[in-house]
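Let me begin by presenting the structure, written as C-alpha cells, before commenting on it.
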Amino acid sequence: MNLQQKTSATGASRVGAARVGIGGPVGSGKTALIERLIPVFAERGVSLAIVTNDLVTEEDAERIRRSGLIDAARVSAVEAGACPHTVIREDPSLNIAAADELEERFPDVELILIESGGDNLASTFSLDLVDWWMFVIDVAGGDDIPRKNGPGVVKSDLLVINKQDLAPHVGVDLARMRTEAEAARGGRPIALTNCRTGEGVAAVADRIMAAVLFR
C-alpha cells in the first residue's frame, strides 16, 4: 500500500489514499470512464474506492455497484441537494466525510475517485478535497467547448476529450478540437478517449498514477 503525506490548500496534513476528482458536464462520460478505469487499476494492483455525487439520487453509485466491477461496499454516494459544484468546491465537507469513511472501512485503499455530479464548464474541485483532478468533455457537446475557456477546461490537471469516435457523426473536426484545447490549456495535458471501447483509458490511468501514486 502506498500511503502518502498530504497537505491541503489550507495547510492541513493527513496520511492516506490519494484523492482524484472527475468532473464534467452531464453525459460527457464520467461514470463510463470510471467503469473503464476500475479493471485497469485492478490489473495494476491499485486498491480503489469511489465516491459519486448526484443531485438528489444515488444513480451513478448504483450503476457502478451493479456493474460488478468493484465491491459495492467500496462505492459511496453523496447527494448534493444543490448545484453540484457546491459540494466539490465551496463546501466539500460531505465528500471529505465520505472519503474519510471509505478509508476507515478499507484501510488498504490507495486511491479514491470522486466523481462530481454533471455540471457546467465552470466546475472545479477544491484542493482541500482532492490532490489532482480531471475534467471530461465529449465531442458531441460541440467542438467549440475548448474555445469557451471554462475553468474546468483550462484549470484541470488533465482534460479528457471523450467519445472521439463520434466526431465524424456530429460534424466535429477532432484534430482542430484538440489543437484548440491545447492552446486553451497552455501545455497542460490532454487525453482522448472512447469509453465504449476503452481506447485511451490506460493513458488516463498512467497520468493518475504518475501524478498521485508514484511521485
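The values are calculated or read from the model by the stated rules, or taken from the named source; none is laboratory data. All of these numbers come straight from a predicted model, not from anything done at the bench. Don't worry about glycine lacking a Cβ; one is built from the backbone with ideal geometry, like all the others, and counts go over all protein chains shown.
When you go through Asp143, Asp128, Asp119 one by one, which is the residue that is touching a Pro at 6+ places or on another chain (Cβ under 8 Å), part of a loop (DSSP other than H, G, I, E, B), at pLDDT below 95 and of a type in the set (Asp, Glu)? Break it down into steps so the answer makes sense when it comes.
On the way: Asp143 fails: touching a Pro at 6+ places or on another chain (Cβ under 8 Å); Asp128 fails: at pLDDT below 95.
Result of the check over Asp143, Asp128, Asp119: Asp119.
Would you kindly identify the helices (runs of 4 or more DSSP H) lying entirely within the range 1-108 that contain at least 3 residues that are modelled with pLDDT of 90 or more and under 21 Å from Ser156 (Cβ atoms)? Before the answer, list the steps.
On the way: elements: 30-43, 59-67, 93-105.
Counting at least 3 such residues, we get 30-43, 93-105.
Scan Ser123, Ser76 and give me the residue that is surrounded by 17 or more Cβ atoms within 10 Å (Cβ to Cβ), in contact with a strand residue (DSSP E or B) (Cβ under 8 Å, 6 or more places away or on another chain) and closer than 17 Å to Thr57 by Cβ.
Step by step, each of Ser123, Ser76 is checked, and only Ser76 is surrounded by 17 or more Cβ atoms within 10 Å (Cβ to Cβ), in contact with a strand residue (DSSP E or B) (Cβ under 8 Å, 6 or more places away or on another chain) and closer than 17 Å to Thr57 by Cβ.
What's the total number of residues in the range 179-215 that are small (Gly, Ala, Ser), closer than 25 Å to Ser47 by Cα and touching a strand residue (DSSP E or B) at 6+ places or on another chain (Cβ under 9 Å)? Outline the logic, then answer.
Within the range 179-215, the first condition is being small (Gly, Ala, Ser), and the residues that meet it are 181, 183-184, 186-187, 191, 198, 200, 202-203, 205, 210-211.
The next check asks that each one be closer than 25 Å to Ser47 by Cα; those that pass are 191, 198, 200, 202-203, 205, 210-211.
Checking which are touching a strand residue (DSSP E or B) at 6+ places or on another chain (Cβ under 9 Å) leaves us with 191, 200, 203, 211.
Residues flagged as small (Gly, Ala, Ser), closer than 25 Å to Ser47 by Cα and touching a strand residue (DSSP E or B) at 6+ places or on another chain (Cβ under 9 Å) within the range 179-215 amount to 4.
Would you mind telling me which numbered condition in (1) over 17 Å from the mean Cα position of the chain (by Cα); (2) assigned to a helix (DSSP H, G or I); (3) more than 30 Å from Ala82 (Cα to Cα) Ala181 fails?
In the conditions (1) over 17 Å from the mean Cα position of the chain (by Cα); (2) assigned to a helix (DSSP H, G or I); (3) more than 30 Å from Ala82 (Cα to Cα), Ala181 misses (3) alone.
If I filter the range 66-94 down to residues being among the polar types (S, T, N, Q) and in contact (Cβ under 8 Å) with a residue 24 or more places away in the chain, which single residue comes out as farthest from Asp54 (Cα to Cα)? Lay out the reasoning, then the answer.
Within the range 66-94, the subset among the polar types (S, T, N, Q) is 67, 76, 86, 93.
Next, only the ones that are in contact (Cβ under 8 Å) with a residue 24 or more places away in the chain stay: 67, 76.
Details: Ser67: 18, Ser76: 11 Å.
Filtering first and then ranking leaves Ser67.
If the requirement is being under 22 Å from Asn53 (Cα atoms), free of Cβ contacts under 8 Å to residues at least 60 places away in the same chain, touching a helix residue (DSSP H, G or I) at 6+ places or on another chain (Cβ under 6 Å) and small (Gly, Ala, Ser), which of these qualifies: Ala205, Ala167, Ala122, Ala97?
On the way: Ala205 fails: free of Cβ contacts under 8 Å to residues at least 60 places away in the same chain; Ala167 fails: under 22 Å from Asn53 (Cα atoms); Ala97 fails: touching a helix residue (DSSP H, G or I) at 6+ places or on another chain (Cβ under 6 Å).
Answer to the selection: Ala122.
Being in a helix (DSSP H, G or I), out of contact with any strand residue (DSSP E or B) (no Cβ under 9 Å at 6 or more places or on another chain) and surrounded by fewer than 17 Cβ atoms within 10 Å (Cβ to Cβ) is the filter here; which residues of the range 152-178 pass it?
Selection gives Pro168, His169, Ala175, Arg176.
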